[in-house]
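Okay, structure first, notes after.
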Amino acid sequence: MIQFFLDSSQFIISGALVGLLVGMTGVGGGSLMTPLLTIIFGVAPTTAVGTDLAFAAITKGFGTAAHKLHGNVRWDIVRLLCIGSLTTAILSILTLKFIGPVSKNFNHFISISIGISVLLTAGSLLFRAKILNWVQRNPSALPSGNNLKIATVSVGAVIGVLVTISSIGAGAIGATLILVLYPYLKPAQVAGTDIAYAVPLTALAGIGHWWLGNVHFDLLFGLLIGSVPAIWIGAKLASTLSERATRITLAATLFLVGIKLVSS
């Protein structure tokens, strides 16, 4: 056991740092963890994605339980998102299986996919307020009735592909799109709904990557040991720090990471 802690110390510390940011901002898990594993530690992109998906399913599961207790989950929206995201997650896993053994070119494709997802996450953080202001000024532009249901399923479908290929997209991107479609939701409901639909999505995608042999369990346990207590500490710190400053700092970090991945 002591040897495990020594061998996994860098992953435990990394999990703690990412967990601290997740606790403080509510986003940044996959969008920071996967690039960190690939850029800093040289973990193969497919292994980083698979391991991070398993990591996300476990941590978001605890988050969903907490939000459910406080009545912050809109299960009707969760169901629509899951219809789209779980379907495309299965199709994405089957496509990855069909492609076969990972080549250098495919690893490069995954790295670029991760980079694009990170840049989208950074953009959603930076421009969320402007997007919401536009939505509030143009309520008639939003879908309603059956069109709203179709739009929600479509959003889930797109995020299902992003998450399965890159492990990124269910956090800031998902929350922003939920806010655009359902601007009347309270912030706690957006957070609870976003986390709730991400649990079955990341669990299914994680199982799929385990089937493909892309989950590193020693790495997973190290990340969990560091992140779980750090998320709790970060949540405590969140009330004492400027949300805007933290969000901008996180977005700038993600932007630099995304550029690095896309240009590598």
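Where a number appears in this text, it was derived from the coordinates with a stated rule and is not lab data. Everything quoted here is computed from the prediction, not taken from an experiment. Counting neighbours? That spans all protein chains shown, and the Cβs are built from the backbone with ideal geometry, glycine included.
With the simple model of a label 7 Å out from the Cα in the direction of the Cβ, I233 to F127 spans 3.6 nm.
Between their Cα atoms, which of K68/K186; K68/K97; K130/K186; K60/K186 are more than 25 Å away from each other? Over 25 Å Cα-Cα: K68/K97. Relative contact order of the range 119-264: 37 percent, from C-alpha pairs under 8 Å at least 6 residues apart in sequence.
Would you mind finding the longest exposed-site-free stretch of the chain, with exposed chymotrypsin sites (Phe, Trp or Tyr not before Pro) meaning DSSP loop and at most 16 other Cβ atoms within 10 Å? Counting at most 16 other Cβ atoms within 10 Å as exposed, the longest clean stretch of the chain is 42-183. Positive end of the dipole of the chain (Cβ unit charges, origin at the Cα centre): among F221, G171, L96, the Cα lying farthest that way belongs to G171.
Considering only alpha-carbon pairs that sit under 8 angstrom and 6 or more positions apart, the relative contact order computed for the chain is 44 percent.
The stretch between N146 and T249 holds 33.2 nm of extra length on full extension. This uses 0.36 nm per residue minus the Cα-Cα distance.
Separation of the range 79-140 from the range 177-223 is 12 Å, based on Cα centroids.
Hey, with R₀ at 30 Å, roughly what FRET efficiency would N107 and K186 work out to, going by the Cβ-Cβ distance, to 0.05?
After rounding, the FRET efficiency stands at 0.10.
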